[in-house]
Amino acid sequence: MPAEKNTEKRPIGLLWEISEGSRGLYAIACASMILSISCDFLVPQLIRFLVDSVGGVSESKMPVISAIARFAGIDRGFGGRHAFTRAGLVVVAVAVLGGIFSFRYRRSLSLGAESLIKRLRDRLYSHIQRLPFKWHITVQTGDIVQRCTSDVDIVRGFVFVQMIEMARAVVLVAFAYTMLFRMNFTLAAASFVYLPVVFLYSYIFLQKASARFLAADEAEGQLLAIVQENCSGVRVVRAFGRERHEAGKFAAQNELFASLWMKLGNMLSAFWGMGDLLTGLQMITICAAGTYQAAKSGVTVGEFMVFLSYNSMIIWPVRGLGRVLSEAGKTMVSLGRLREILDTPPETDPSGAIDSPISGDIEFDDVFFAYDGARVLENVSFTVREGTALGILGATGSGKTTAAHLLCGLYDLADGEGAIRIGGVDIRHYKRRHLRKNVGIVPQEPFLYSRTIAENIAGLSKDIPIGQIRDAAAIAQVDSDIERFARGYDTIVGERGVTLSGGQKQRVAIARAVLKDTPIMIFDDSLSAVDTETDARIRAALRERVRGVTAIIISHRVTTISDADMIMVMEDGRVAEAGTPSELMKLGGIYRRVTDMQRAALDEITGDTP
């Protein structure tokens, strides 16, 4: 994906940028998490105090526990039923307080993460809307969609789960071993020996598993691509009887996808099994050391219970820390891919750009244009008088569409590559949005939304009366076709216009352009899928409707441009011929040759050949 490199902008920097507005919520989440963990650690200490008090030990090395015991009146032993009741209430109260902090922590985290990801999605979508047309045609749509969905979801998982879990694991370990080493150095050391082993094992194993995760993800992407291709091309599949072939292709890819996940499942089974073994060995070591010290009167029953409780509290976060770090690596990759999009310079208006009314003659003045080093237009000069129609004829690749895109400002002309003027004003001086609002274009392959036909003609605008929509459809000769549908103008157009034929899609696009009512209209081979009779009716209706409009009609069909005031023939990016239809026929060049060939072909089809 083309993007300007900026070594100062690290992926993690993007995370910090989009966190603005969520940092307060994350701060509340972190504070609540620490308080929740503190309560979680207090409960075992209180239970330890109570257990040891029954055995005659009524003092604690922790000032907090002693203060709570004095406040609850349970620091003088347990001589009665009320003391046990008070002790139970204290434990429940601390547990409830921990639950409240846990709720606050997770709620703040949820709100912070979702608002962060919403800003990321909004920023991505807004930025993509402002990227140059050249960027859009060089980057695959699937790649853009994947980055804006899968990569964003990976980032969401990190900020919603992994990032805070990593912080939680660190805080848990710090709290636990601070207390454990203060209580009993020997038992704490026995427990701590396994900690780096479990962590390193989890990290190394999951690093190796990440390659298999990637292979499985890629296989899933290919599987989805097959489904999307099949659904989009369902007409072709049915027309050529390719159902069995497509089903076989899907089954083969599905088999590969399933086998990769089964291999991954076997690897994860070994990982969790080995992790359980290490965890079990740690528990056995603590139990053995604790039993030995208890026999030597080096540890109380309460202390031993706390050790087991704290150890069970930290072992799972530590085991998960390796996975979290592995996911963090994936997140950095995803952030880097998203940063590539956001670092691509957006389309901007030049300094002092104007939005004054656009009118006057269209002039191409010695225009040169190259795409990826390949020359597309060379020394192209022509003028279209205001209110007249110019027909452009040329073979595929002759530069017709490129000239139209340049006039719309979809491509930029570099300095020294000529100029395009409207009414004597260089189009580079206009605001791009203003220019495109005044230059309407109907492409050969129009895009239709998965909405109603009426909404497509209205350009999704809800303020246009249905009467105006019908008038535009009548000019485009598609009104009768629409009325034959069961729901008429409320018919839902399928994805990419699959409900309509090629000619109907083109005519709906023409109706949309007519309704836009721009002073300059470009028809880029937009009647190629329409029969000659309908073509003639559309041109007649357009001439009546668009009087005073400057029109540029691009077509490979001579009859479509035969009514134009001027005709230009392009060949290999140059203007080969230009003049009125009668002048070009007398010239006897390319236009005359193409005209004779198409007439002969038509006569042969209709049976008029002598």
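Computed from the coordinates by the stated procedures, all read-outs in this text should not be read as laboratory data. Since we're looking at a predicted model, the values are computed, not measured. Note that each Cβ is placed from the backbone with ideal geometry, even for glycine, and that neighbours are counted across all protein chains shown.
For the peptides 511-523, 377-389, 430-442, what is the packing order when you average, over each peptide's residues, the other Cβ atoms within 10 Å and list the highest mean first?
Going from most to least packed, we get 511-523, 430-442, 377-389.
Extension gain for the segment T178 to A486, taken as residue separation times 0.36 nm less the Cα-Cα distance, is 103.4 nm to one decimal.
Relative contact order (percent) for the stretch 553-602, with alpha-carbon contacts under 8 angstrom and 6 or more residues of separation?
Over the stretch 553-602, the number comes to 27 percent.
In this simple spin-label model, placing a label point 7 Å from the Cα along the Cα-to-Cβ direction at both D463 and E544 gives a separation of 2.9 nm.
For the stretch 362-579, what does the equivalent ellipsoid look like in terms of its semi-axes, each the square root of 5 times an eigenvalue of the Cα gyration tensor, given largest first in whole Å?
Ellipsoid semi-axes (Å, largest first): 31, 18, 16.
Along its three principal directions, the equivalent ellipsoid of the stretch 374-419 from the Cα gyration tensor extends over semi-axes of 18, 15, 10 Å, largest first. Restricting attention to the stretch 362-579, close to 50% of DSSP beta bridges with both partner residues there are antiparallel. Amide hydrogen proximity for I567: with H placed 1.01 Å from N in the peptide plane, the residues at 5 or more positions away or on another chain lying under 5 Å are G391, G579, T580. Close amide H partners of T452, meaning residues 5 or more places away or on another chain with modelled amide H under 5 Å apart, are V493. A full extension of the chain between A294 and F185 corresponds to an added length of 37.8 nm, given 0.36 nm per residue minus the alpha carbon distance. Normalised by the number of residues in the stretch 362-579, what is the relative contact order in percent for Cα pairs under 8 Å and 6+ residues apart? 32 percent.
The amide H of L131, built 1.01 Å from its N in the peptide plane, has E347 as neighbours under 5 Å, considering only residues 5 or more places off or on other chains.
The HN-Hα couplings worked out from phi for the stretch 182-192 by the Karplus form 6.51 cos²θ - 1.76 cosθ + 1.60 (θ = phi - 60°) are 6, 6, 7, 5, 5, 5, 5, 5, 4, 6, 5 Hz, whole numbers, x standing for Gly and Pro. If the chain linking C287 and E445 were pulled fully straight, counting 0.36 nm for each residue of separation and taking away their Cα-Cα distance, it would gain 49.5 nm.
Residue pairs exceeding 30 angstrom between C-alpha atoms, taken from K134/K249; K249/K400; K118/K263; K431/K462; K437/K586: K134/K249; K249/K400; K118/K263; K437/K586.
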